[in-house]
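All remarks here apply to the structure that follows.
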Amino acid sequence: MDAARIDSWLWAVRAYKTRSAATTACRAGHIRLNGDKVKAAQHVRIGDEVRIRISGFDRILIVRQILVKRVGAPVAALAYEDRTPEREPQAALGLRDRGAGRPTKRERREIDRLRGRDDDPFG
C-alpha cells in the first residue's frame with residue numbers, strides 16, 4: 001500500500017479519536033499536507049509532511065508508514081516522525097476554584113491585570 005486517505009491515516013495513528021473528527025478538521029482547514037490545505041479524501045504518502053492545528057498549536061508529523069486500520073499506540077507512534085517544536089509552558093491565568101462564587105470587583109481587576117487587560121478607560 002503506497003497511499004491512504006488523510007482522514008483515515010490521522011485516525012489510524014491516533015491523532016484524532018474518531019475518523020469523523022479527522023474529517024471535520026480537514027473541512028475546517030486545520031490539516032495541511034505539504035503546506036496546502038486538504039480535503040479528507042486527499043491521499044497521504046510516505047515522506048509527506050502533515051500539519052495538524054490542535055488547540056491553537058501546530059503539530060508537525062512526517063509520514064513514515066501508511067496505516068488505514070487503527071492500531072495500538074506503540075505501533076501508531078512508529079508510523080510518523082514528530083517534528084513539533086517544543087512549546088514554552090504557560091501559566092494559568094485568572095483561574096478560580098470551582099464553587100468560589102462570583103469574583104469581587106477587586107478580584108476582577110486583578111484577573112484583568114494578569115491577563116494583560118488593565119487598560120481602564122476611566123483610570
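If I fit a long axis through the Cα atoms of helix 19-28 and take the longest principal axis of the Cα atoms of the chain, what angle between them do I get, 0 to 90°, rounded to 10?
70 degrees
Mind checking which of PRO74, PRO89, PRO103 has the largest fluctuation in a GNM of the chain, springs on alpha carbons under 10 Å?
PRO103
Which FRET efficiency value, to the nearest 0.05, is calculated for LYS69 and ARG96 with the Förster distance at 35 angstrom and r the Cβ-Cβ distance?
So the FRET efficiency works out to roughly 0.20.
Could you tell me what percent of the accessible area of the range 45-89 is made up of carbon and sulfur, with a 1.4 Å probe and every protein chain present?
52 percent
Roughly how many Å² is the accessible area per residue of the range 17-103, as a whole number, for a 1.4 Å probe?
Per residue, the range 17-103 has an accessible area of 71 Å².
I'm spelling it out carefully: the read-out is P(r) over Cα pairs in 5 Å bins from 0, in percent, the candidates are (1) 2, 10, 17, 17, 11, 7, 7, 9, 9, 7, 4, 1, 0, 0; (2) 2, 11, 21, 26, 23, 13, 4, 1; (3) 2, 12, 19, 21, 19, 13, 8, 4, 1, 0, and one was derived from this structure. Which label?
From the options (1) 2, 10, 17, 17, 11, 7, 7, 9, 9, 7, 4, 1, 0, 0; (2) 2, 11, 21, 26, 23, 13, 4, 1; (3) 2, 12, 19, 21, 19, 13, 8, 4, 1, 0, the structure gives (1).
Work out, step by step, the length gained on full extension between MET1 and ARG53: first 0.36 nm times the residue separation, then minus their alpha carbon distance; give nm to one decimal.
16.0 nm
May I ask for the angle, rounded to the nearest 10°, between helix 105-114 and the longest principal axis of the chain, with both axes built from Cα atoms and the value confined to 0 to 90°?
Helix 105-114 and the main axis of the chain meet at about 40 degrees.
Taking 0.36 nm per residue of sequence separation and subtracting the Cα-Cα distance, how much length would be gained by fully extending the chain between LYS37 and ARG117, in nm to one decimal?
That pair, LYS37 and ARG117, stretches by 25.4 nm at full extension.
For the pair ALA28/GLU81, report the inter-label distance in nm, with labels modelled 7 Å from Cα in the Cβ direction.
The modelled label-to-label distance comes out at 2.9 nm.
Between LYS17 and ARG45, how high is the FRET efficiency from 1/(1 + (r/R0)^6) when r is the Cβ-Cβ distance and R₀ = 22 Å? Nearest 0.05.
The calculated FRET efficiency here is 0.35.
Let me know the longest stretch in the chain that avoids all trypsin sites (Lys or Arg not before Pro) found in a DSSP loop with at most 11 other C-beta atoms within 10 Å.
18-68
The values are calculated or read from the model by the stated rules, or taken from the named source; none is laboratory data. Model, not experiment: these values are computed from the prediction. Glycine also receives a Cβ, built like all others from the backbone with ideal geometry; neighbour counts cover every protein chain displayed. The protein model used for the area step is the full one, side chains on, heavy atoms only, and it has no ligands, DNA or RNA in it. Shrake-Rupley method; radii C 1.70, N 1.55, O 1.52, S 1.80 Å.
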